[in-house]
Amino acid sequence: METRISMSHISSEKLADLIVSKLIYSVENIEGCRFDKETNEIVVDHSSSDQRAEIEIVARQLMFREQSYRAFSTKILKSNLTEVPVPNLHEDLSNVYSPNHNVKRGIALQLYDSLNELLQKVASKHTVDKRKYSSLIATKDLKRCGYIRSFPQNLFMVSEFPHQLESLDQVKEVEKIDSIARQSQFTLSTATCMHFYAELADSEIVTPLVITADSNCFRHEAPWRLSNYRLNEFAMKEIVVIGEPTFVEAKRHELIEEVWELFCEMGLSGKIETASDLFYYSDDTGKSQHQVVKSLKYELIAVIRSGTESFSIASFNNTRSSLVNSFGITDPSNPNLHSGCIAFGLDRWVYAILSSFGSVPSSWPYKLRELLL
Ligand SMILES: [Zn+2]
């Protein structure tokens, strides 16, 4: 069944999209949530009629909280959507992906390895040092930079059983485990670059400094949204840049040009546009608007399946002084220190290619085969 919530009193489609994106994380056990432009309504799919009242109340609360929202238009930096036809592939890719999105096989794996190598080559031209980080990050590090305060909806906290004879003896009784588990000091990593800031915390460094880092990252997604590109666990490669403001911004734009050229060479369809992070609390909405107005975040959006699906496969972020300041990172010879990162979602690149050109490499465009096989 569906519950429809009228948005006719709301002037901006962007505000409706914002409310949808927060509603997704604000009511559990729903099965879908979208904005219907034709009727100007938010449509929530759910299985039980008991949920209707909760959905309506939460949607109204979210609308009330976002009263001061002002819409700013998205700036499109690059687009090949008018020149390159969006592929209309009907292959369901069940030969390479399992229905629960937990398994990749065959060409999806091969493509993952060669894309990793190709993007590493792009990164290595700019960086001197590499890192491979663990999947766990100390919760105190995420608290320190305000991540938990800003994005609680994304987090998987890690729990553990106490190393005590009595507790471990009780674990044998499986139904008791929830009451025995306690929160550990770790959270599953949400963004690769956070590890680098934590590594440099409270130290003096020499800039400019540019490194490449890899790690798996995790997001607590609403179960109904999981797909071959929206995963709870995914591989992220980041180039992290620390230096003078002009250096960070120049490096970001240099990488935008290079990555866009590579994306077009592969024959993929899409665009690069300004974007913002989903700060959960409404008193932080100004921060996401600031990101858009000041073009602090660009996303590379892959458009697939005749334009019916689109998703970000890379982001180009200028975080200014916010992260170096929160982690106490300084350079005595450069008091005005900024930082930024370029992040690649490797699993999303793989899916963008397979959903555009299929799982049979011999039918891929020549240039793509040359780059990746
Ligand atoms: Zn980052």
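A Cβ-based charge dipole, computed about the Cα centre of the chain with Lys and Arg at +1 and Asp and Glu at -1, lands at about 560 debye. Put simply, when 181-193, 311-323 are sorted by average Cβ atoms within 10 angstrom per residue, most first, you get 311-323, 181-193. Say the cut-off is 27 Å between C-alpha atoms; which of Lys132/Lys271; Lys251/Lys287; Lys75/Lys132; Lys130/Lys297 go over it? Violating the 27 Å Cα-Cα cut-off are Lys132/Lys271; Lys75/Lys132. Here the average projected area of the convex hull drawn through the C-alpha atoms of the stretch 123-182 stands at 7.2 nm². Under 20 Å from a label point set 7 Å out along the Cα-to-Cβ vector of Gln61, the amide N atoms of the stretch 1-33 belong to 3-7, 16-33. Couplings for the stretch 229-241, taken from phi via the Karplus curve 6.51 cos²θ - 1.76 cosθ + 1.60 with θ = phi - 60°, read 10, 10, 10, 6, 10, 8, 8, 10, 10, 10, 9, 10, 10 Hz in order; Gly and Pro are left as x. Under 13 Å of direct C-alpha separation, and excluding same-chain neighbours fewer than eight residues apart, Lys37 reaches these aspartates and glutamates: Glu13, Asp17. Our note on the geometry: Cα centres of the stretch 233-265 and the stretch 50-82, 28 Å apart.
Distance between the modelled labels on Ala53 and Glu13, one decimal in nanometres: 3.6 nm (7 Å Cα→Cβ projection). Computed from the Kirkwood radius of its Cα pairs, the Stokes-Einstein diffusion coefficient for the chain at 4 °C and 1.567 mPa s stands at 57 µm²/s.
Listed by chain and number, the aspartates and glutamates whose C-alpha is less than 14 Å from the C-alpha of Lys294, apart from same-chain residues fewer than 8 away, are Glu249, Glu273, Asp277. Could you give the C-alpha radius of gyration of the stretch 1-126 expressed as a fraction of 2.2 N^0.38 Å, taking N as the number of residues it contains? This ratio for the stretch 1-126 stands at 1.48. In the stretch 1-149, Cα pairs under 8 Å separated by at least six residues give a relative contact order of 17 percent.
For Arg182 and Glu309, the FRET efficiency from 1/(1 + (r/R0)^6), where r spans their Cβ atoms and R0 equals 41 Å, is about 0.50.
Values quoted throughout were computed directly from the atomic coordinates according to the rules given, and no laboratory measurement underlies them. No experiment lies behind these values; they were computed from the predicted model shown. When we count neighbours, we look across all protein chains shown, and the Cβ atoms used for this are built from the backbone with ideal geometry, even at glycine.
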